[in-house]
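Just below is one structure, and these are the notes that go with it.
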Amino acid sequence: MWNVEDLSAVPVELDFTSSGQGRRSATAIETSGVRLFNAIELIDVDATATQVEVCEGCGCSHCSPGGWVAFRRIGDKVVWIPTWDRMETGTREQAEYEPPPFLGSKGAPVFGSAIWERLRAFHGNLPACEDLPWINSRETARLCQWSAPGRLLGEYPAEPRMRRDLLIAVTDGDLAAETSAIDECLQAHFRAAQQMTIVPGNADIKPIEFWLDLPGIPGWTRFGNVGSCLCFLVDESIAIVREGGLTNG
């Protein structure tokens, strides 16, 4: 995952002559060289599945495949994730609802509240962060798999699971025990979707750092221990667990 720090509005002109509409001026939205929307005025917003890359021949959703995301909430932040619920219904749907390429190459973008409000100024139907559904446990496990380097948690659409052949060591603790604990955590989160929640800021979180047999990516930290509970680390400031997880141990 990566934080969206700024937005640029780029005027574009789309050629709709093939669909009898002539040419149309629109606005692409970019950040750090990544095009988030190719024509933000033309998107049909749906919190469950929104095509952020509309057809450049007619401007309509569902005309061309791919470019789909789901908007989810993590505290006061918004994250874009692939529309796994729709992709997993069949082979045709997997191709139809494929996410934008940058979700595979760069990871899922995360928007702070101020940046998200700036984005909403370009399209009034984009929902406020507090109106979005929270990311659930199944989506959290999938997102961790999706963003892991070197397919460390296996390859979609297989269930997320640690690949032992890529693990060299863990900074603290026993490698086999930590790996098995994370596999159990992933399985529990993936197989029964539940609400996630933020770990309180005053909690003592001990990150779990794995050392990997991957070129250029020696270390990987996406899980942590909070007492006897495992949590997912969204970034350096946010950790999430299943609702009630800390209470239940």
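The values are calculated or read from the model by the stated rules, or taken from the named source; none is laboratory data. Computed from a predicted model, the values in this text were never measured in an experiment. Methodologically, a virtual Cβ is constructed for each residue, glycine included, from the backbone with ideal geometry; neighbour enumeration extends over all protein chains shown. Note: areas computed on protein heavy atoms with side chains; ligands, DNA, RNA excluded. Shrake-Rupley method; radii C 1.70, N 1.55, O 1.52, S 1.80 Å.
Below are the figures for this structure:
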read-out: Which numbered condition P157 fails, given (1) open to solvent by 50 Å² or more (accessible area, probe 1.4 Å); (2) closer than 26 Å to I29 by Cα; value: (2)
read-out: Output for region 74-113, where each listed residue is touching a helix residue (DSSP H, G or I) at 6+ places or on another chain (Cβ under 6 Å), closer than 21 Å to I43 by Cα and among the charged types (D, E, K, R); value: R86, E93
read-out: Subset of region 155-169 (residues that are more than 28 Å from T83 (Cα to Cα) and either among the β-branched types (V, I, T) or modelled with pLDDT under 95 (or both)); value: I168
read-out: Residues being out of contact with any Gly (no Cβ under 8 Å at 6 or more places or on another chain), open to solvent by less than 60 Å² (accessible area, probe 1.4 Å) and not small (G, A, S) - total across region 50-83; value: 14
read-out: Residue match in region 132-140 (condition: among the β-branched types (V, I, T) and open to solvent by 70 Å² or more (accessible area, probe 1.4 Å)); value: no
read-out: Selected residue (criterion: farthest from D183 (Cα to Cα)) from residues of region 134-154 that are at pLDDT 95 or above and in a loop (DSSP other than H, G, I, E, B); value: I135
read-out: Number of positions in region 194-234 that are open to solvent by 40 Å² or more (accessible area, probe 1.4 Å) and either part of a loop (DSSP other than H, G, I, E, B) or polar (S, T, N, Q) (or both); value: 16
read-out: Some residue of region 160-170 being open to solvent by 20 Å² or more (accessible area, probe 1.4 Å) and within 19 Å of the chain's Cα centre (by Cα); value: yes
read-out: A128 surrounded by 13 or more Cβ atoms within 10 Å (Cβ to Cβ), under 22 Å from G75 (Cα atoms) and in contact with a Lys or Arg (Cβ under 9 Å, 6 or more places away or on another chain); value: no
read-out: Region 105-125, subset of a type outside the set (S, T, N, Q) and in a helix (DSSP H, G or I), residue surrounded by the fewest Cβ atoms within 10 Å (Cβ to Cβ); value: A114
